[in-house]
Amino acid sequence: MEIALKREALAEAFQMAHAIATTRTTRPVLQNALLSVADGGMTVSATDMEIGLRWNISAEDCRVVREGSVLLPAGRMAQISRSIEADEITLRVADKTCVVSGGRSVFEVLMENVEDFPQVPEMPDEAPLVLDGQKFAEMTRKTIFAVARESTRYALNGVHMEIVDGVMEMVATDGRRMALMKEKVDKQTSMPAAIVPQKALSQVEKLQSDKDETVNILTRERQVFFSTSRGTVVSRLVEGHFPPYREVVPKETDKKATISRTGLLSAMRQAAIMTSEDSRSVLLAFAGAQLTVTGRAPDEGRGEIGLDIEYEGEDLEIRFNPQFIIDALSASEAEKVTLDMKEGSSPAALKDGTGFLYVVMPINIV
Amino acid sequence: MPRIEILPSEVAEKIAAGEVIERPVSLVKEFVENSIDAGARSITIDVEKGGKGLVRVADDGAGMSREDIELAFSRHATSKIRVIDDLFNVRTMGFRGEALASIAAVARVTAGTRSAQDQSGWEVSIEPPAAAEIRPVGRAPGTTIEARDLFFNIPARKKFLKRDQTELGHITRYLQAAALGFPGMSLSLSSNGRKVFSAPAVESLRRRAATFYGEDIAEDLVEAQGGREGLKVHALIAPPFYSRVNRYSQYIYVNNRYVRDRLLQAAVSQAFRGLIEPNRFPIIFLYVNISPAEVDVNVHPTKMEIRFRNANSVRGTVISVLSEALLSADFKSRITFEEGSTPRAQNIRRSIEDFYERRVAGGVEIGTPATHAGRSGGSGSLTRDGTDTEAAAAHVQTGPLMQVRGTYIVKESDDGIEIIDQHALHERVIYAEVRRRLEEGSLQGQRLLVPEVIEVTPAERTALEKARDAFGRLGIEAEAFGQDAFAFHSFPAVLGDMDRRSLLQALISDLSAGGHGRSMEEALDSLAELLACHAAVRAGDILGTEELQSLMEKARSAQGRFACPHGRPTKLVLTFDELERRFRRK
Ligand SMILES: Nc1ncnc2c1ncn2[C@@H]1O[C@H](COP(=O)(O)OP(=O)(O)O)[C@@H](O)[C@H]1O
Ligand SMILES: [Mg+2]
């Protein structure tokens with residue numbers, strides 16, 4: 001095997017591969033990336049057995065001398081390709097090593113046995129769901145932060161995706177808050193419910209060479225594929241039942257606040273400074289057109305931030321983990337957000353005028 | 001010294017009756033107490049055949065006049081009390097006037113004595129039923145009493161005596177306790193002509209503790225002192241990780257009298273709550289000095305049991321003095337490569353412990369850091385997700401803090417290199433924080449979108465209903481959900497995203513296993529422990545610079561930071577001294 005590539009392209013490929021490969025070390029072979037040179041281009045694949053990546057380097061970015069494949073350590077190769085000072089890098093298999101050279105640098109990297117590496121499946125040749133790349137990125141951004149990280153209810157460890165009646169829904173929850181994003185899609189399209197691991201979704205955006213590029217999605221048995229021109233991410237779906245999230249959306253709210261997003265974000269961040277690390281909570285007091293956000297750290301002091309808002313309903317005090325509000329506000333780009341509430345002990349719903357609905361549970365007021 | 005007189009019958013009747021001579025150690029105890037009462041500076045004890053053949057106690061105390069020695073072996077003969085009121089103001093070890101008489105009835109006794117004022121001494125031999133015969137003898141001031149052939153005349157009781165080694169064990173143990181009560185007195189024991197131990201007079205209790213427990217423990221002992229007029233508490237406390245499987249290393253003294261008192265034992269346990277592993281006992285030397293009128297020693301003939309007039313006040317004072325010292329202490333286990341202290345001290349300690357504990361290995365021996373790691377269950381080879389190579393590779397260098405194997409934090413300190421068990425330390429930090437918050441009121445509860453519904457057994461249900469308030473204070477709102485389930489509507493906010501279900505299940509089963517007799521405080525305490533354990537970083541969790549720093553920062557002020565809530569140490573210190581010795585720089 002022999003191939004010459006643009007350094008940038010190679011470095012990017014290994015960086016992607018490394019992000020996938022490093023998570024598991026129980027099978028050392030998975031720390032490698034498989035390079036296959038064929039048909040005038042190169043594919044780099046890596047997997048941790050839950051998520052797989054196939055990254056394409058097109059003919060534009062490389063020049064094939066001899067086809068073949070080679071298994072190389074992803075981390076080390078990411079370092080090498082990033083640090084070689086040359087625009088072009090050559091990979092050439094010689095005997096037991098792969099010679100990586102560029103400029104005046106030459107590395108000989110010992111190769112692993114190609115046969116030991118598991119096959120990363122290609123996107124099946126079926127009609128995929130085609131989604132607007134920007135829209136998909138927004139949906140991901142507005143839900144992924146609410147994914148549970150430590151739950152043994154595995155269903156919560158991913159983002160639930162489904163298309164019903166021409167509306168695509170993505171939703172994530174950790175039991176304390178729920179982020180739901182809806183987006184109209186073509187009436188004809190459909191997609192069975194699937195729970196996608198957080199890690200897979202976070203890789204998808206990197207597959208887009210620019211924001212406008214569409215994303216192809218295909219679910220199949222227990223797998224989901226995402227692909228663009230740059231490559232494919234395949235992931236095992238999370239098994240289990242996602243909780244009946246539509247029932248969690250509060251219905252009988254009788255208080256509504258309309259607040260500047262950046263104003264609220266700043267108030268929450270300020271108040272959070274004055275909370276103690278072990279139990280962060282801030283008090284939101286709604287009264288007339290005034291919102292007062294208070295943070296208190298038992299031994300350190302307090303902070304109080306005032307905000308002009310539009311408010312309908314009786315005065316209300318409610319306590320939240322400030323991070324929960326900050327997460328949602330940072331994912332949004334809207335100018336204003338609304339909060340629908342009922343009592344200090346019942347859920348609040350935050351909306352930003354898009355298909356975004358965020359339900360957040362308060363902290364008990366004692 | 002007052003003269004010996006026979007107690008009038010109305011006084012004698014008030015004295016707790018009962019047999020005090022059970023086994024050889026009873027002889028030793030009665031003789032030695034008499035020597036202490038006689039103001040001895042030095043006491044020498046010789047025994048043969050575990051004391052069954054011979055017990056001889058020689059002292060350099062006040063001695064007895066001819067008149068005294070004539071009376072000493074009679075019933076109710078004592079120089080220490082006269083009237084009933086004296087019983088409520090006992091300042092001596094003895095006061096019953098019965099010991100010598102009882103002993104003379106069951107063994108062949110010989111006594112030699114000379115009071116300081118007399119030019120020569122007297123000797124008396126008593127062999128029941130023959131009457132005593134007194135003859136002059138030349139000797140130094142002081143008293144020597146020996147008892148041979150215990151129970152020679154009562155075969156039925158003789159049969160119950162144990163092997164020599166066993167009886168010698170009891171004697172050694174008692175004398176050690178006596179020595180620890182009087183550091184200024186020299187005390188030595190020989191058995192069959194061979195020295196068992198000798199504890200020379202020393203200037204402090206700490207030095208005395210060193211004799212029996214070795215220099216390392218002695219040096220690590222933390223001093224507690226406090227109380228009020230008429231009730232002074234003084235204690236030397238070993239770091240909890242030197243704990244033992246039984247109470248034999250708990251030395252409790254009331255007015256220098258070694259006692260076995262439930263109330264004080266319970267006070268010690270209470271003070272150690274959350275600082276020591278369950279079912280283990282600290283090494284502690286506790287001295288309570290109380291005005292004699294406040295304590296009744298006339299409860300039991302062996303005088304090992306006592307009764308306080310105001311038990312609650314004594315209990316409260318002891319707990320608060322101990323807790324204050326414990327919680328502000330910064331114990332550290334030192335790492336030494338050889339087993340600590342002098343061989344002599346070790347031998348004494350070993351023989352006593354072997355005898356009483358039969359499993360010294362159960363205790364945390366210093367000098368074996370591997371043991372600590374092994375017990376923590378987080379030796380680094382098994383991490384949460386099984387990624388051990390990665391953890392091992394990731395030595396996070398953070399200036400003066402370094403994480404090793406994703407499990408230990410290593411840092412330099414003034415006297416050496418500190419190795420910290422991150423899980424144990426974090427557990428302590430959270431526990432201290434939770435406890436502190438609980439003292440102020442309650443924890444914040446994060447409400448849940450959908451209640452966590454958990455099935456419970458009838459026993460768990462009852463336990464849960466009882467503990468509902470305790471749960472509430474932890475921020476956990478529980479509500480019965482049908483017949484055999486509970487719905488949990490909120491969860492401690494402190495715990496963030498951690499697995500609610502398994503924690504709740506653990507809490508519930510722990511709660512019901514604890515039985516129904518548990519108080520709210522106990523329930524809260526074990527809940528706090530569980531919370532801390534689950535919420536703390538695990539062995540194998542790679543921590544970033546900031547996390548490391550913030551952990552150390554928080555640990556700095558956490559109460560009881562030397563041990564995790566189960567009493568395992570949080571840190572070991574490899575001293576520069578030890579390093580220099582090891583590298584043969586010294
Ligand atoms: N070693 C001793 N030195 C001086 N006096 C002693 C010694 N042993 C016993 N006596 C005297 O003998 C008395 C009787 O001793 P004992 O039967 O043990 O009764 P108690 O100690 O309760 O008074 C003591 O009160 C004391 O006066
Ligand atoms: Mg006596």
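The values are calculated or read from the model by the stated rules, or taken from the named source; none is laboratory data. What you see is a predicted model; the values in this text were computed from it and never measured. FYI the Cβ positions are ideal-geometry reconstructions off the backbone, even for glycines, and counts take in every protein chain you see.
Within region B:452-460, can one find any residue that is part of a helix (DSSP H, G or I) and buried (at least 24 other Cβ atoms within 10 Å of the Cβ)? Outline the logic, then answer.
Start the filter on region B:452-460 by keeping residues that are part of a helix (DSSP H, G or I), which leaves B:458-460.
Retained after the next criterion (residues that are buried (at least 24 other Cβ atoms within 10 Å of the Cβ)): none.
Within region B:452-460, none of the residues are part of a helix (DSSP H, G or I) and buried (at least 24 other Cβ atoms within 10 Å of the Cβ).
The lone criterion from (1) surrounded by 17 or more Cβ atoms within 10 Å (Cβ to Cβ); (2) out of contact with any Pro (no Cβ under 6 Å at 6 or more places or on another chain) left unmet by A:S229 is number (1).
Restricting the search to strands (runs of 3 or more DSSP E) fully inside region A:215-275 and requiring at least 2 residues that are of a type outside the set (A, V, I, L, M) and either modelled with pLDDT under 95 or closer than 30 Å to A:C62 by Cβ (or both) gives A:215-220, A:223-228, A:231-236. Among the residues of region B:275-298, the ones that are closer than 15 Å to B:Q225 by Cβ and either touching a Lys or Arg at 6+ places or on another chain (Cβ under 7 Å) or surrounded by fewer than 18 Cβ atoms within 10 Å (Cβ to Cβ) (or both) come to 1 in all.
Tallying residues that are farther than 13 Å from A:A9 by Cα, among the acidic types (D, E) and free of Cβ contacts under 8 Å to residues at least 40 places away in the same chain within region A:56-91 yields 1. Remark: pairs (first residue in region B:27-50, more than 19 Å from B:R148 (Cα to Cα); second residue within 9 Å of ligand 2 (Cβ to nearest atom) and among the β-branched types (V, I, T); Cβ separation under 8 Å; 6+ apart in sequence or on different chains) = B:D37/B:T92. Within region A:49-56, the presence of at least one residue that is within 14 Å of chain B (Cβ to nearest Cβ) and either farther than 26 Å from A:I195 by Cα or within 25 Å of the chain's Cα centre (by Cα) (or both) is confirmed. Suppose the filter is in contact (Cβ under 8 Å) with a residue 60 or more places away in the chain, within 14 Å of chain B (Cβ to nearest Cβ), touching a Pro at 6+ places or on another chain (Cβ under 8 Å) and closer than 30 Å to B:P492 by Cβ; does A:P250 pass it? Judged against the criteria, A:P250 is a match. Screening region B:432-451 for residues that are among the hydrophobic types (A, V, I, L, M, F, W, C) and not in a helix (DSSP H, G or I) and picking the one that is modelled with the lowest pLDDT gives B:L443. B:V202 meets all of the listed conditions (1) touching a Pro at 6+ places or on another chain (Cβ under 6 Å); (2) crowded, with 19+ Cβ neighbours inside 10 Å but one, namely (2).
Here is the figure for region B:1-30: residues that are surrounded by 16 or more Cβ atoms within 10 Å (Cβ to Cβ), in contact with a helix residue (DSSP H, G or I) (Cβ under 8 Å, 6 or more places away or on another chain) and part of a helix (DSSP H, G or I) total 7. Could you list all residues from region B:496-525 that are part of a helix (DSSP H, G or I) and at pLDDT 75 or above? B:R500, B:R501, B:S502, B:L503, B:L504, B:Q505, B:A506, B:L507, B:I508, B:S509, B:L524, B:D525 - these are the residues of region B:496-525 that are part of a helix (DSSP H, G or I) and at pLDDT 75 or above. When the residues of region A:305-346 are narrowed to those that are closer than 17 Å to A:Q290 by Cα and among the hydroxyl-bearing types (S, T, Y), which ends up surrounded by the most Cβ atoms within 10 Å (Cβ to Cβ)? Selected residue: A:Y311. Taking region B:237-274, which residues are within 18 Å of B:G316 (Cα to Cα), crowded, with 23+ Cβ neighbours inside 10 Å and touching a Lys or Arg at 6+ places or on another chain (Cβ under 7 Å)? If the condition is that a residue be within 18 Å of B:G316 (Cα to Cα), crowded, with 23+ Cβ neighbours inside 10 Å and touching a Lys or Arg at 6+ places or on another chain (Cβ under 7 Å), then B:A267 is the only one that fits. Identification of strands (runs of 3 or more DSSP E) wholly contained in region A:137-213 with 2 or more residues that are within 14 Å of another protein chain (Cβ to nearest Cβ) yields A:167-173, A:177-184.
For B:L443, state whether it is under 21 Å from B:I508 (Cβ atoms) and either within 12 Å of chain A (Cβ to nearest Cβ) or touching a His at 6+ places or on another chain (Cβ under 7 Å) (or both). Even if it seems obvious, please write down each step before you answer.
On the way: under 21 Å from B:I508 (Cβ atoms): yes; either within 12 Å of chain A (Cβ to nearest Cβ) or touching a His at 6+ places or on another chain (Cβ under 7 Å) (or both): yes.
For B:L443, the condition - under 21 Å from B:I508 (Cβ atoms) and either within 12 Å of chain A (Cβ to nearest Cβ) or touching a His at 6+ places or on another chain (Cβ under 7 Å) (or both) - is met.
For region B:538-584, how many residues are without any contact (Cβ under 8 Å) to a residue 40 or more places away in the chain and over 30 Å from the mean Cα position of the chain (by Cα)? Number of matching residues: 8. Scanning region B:461-488 for residues that are within 17 Å of B:Q505 (Cα to Cα), buried (at least 18 other Cβ atoms within 10 Å of the Cβ) and among the basic types (K, R) returns a single hit, B:R461.
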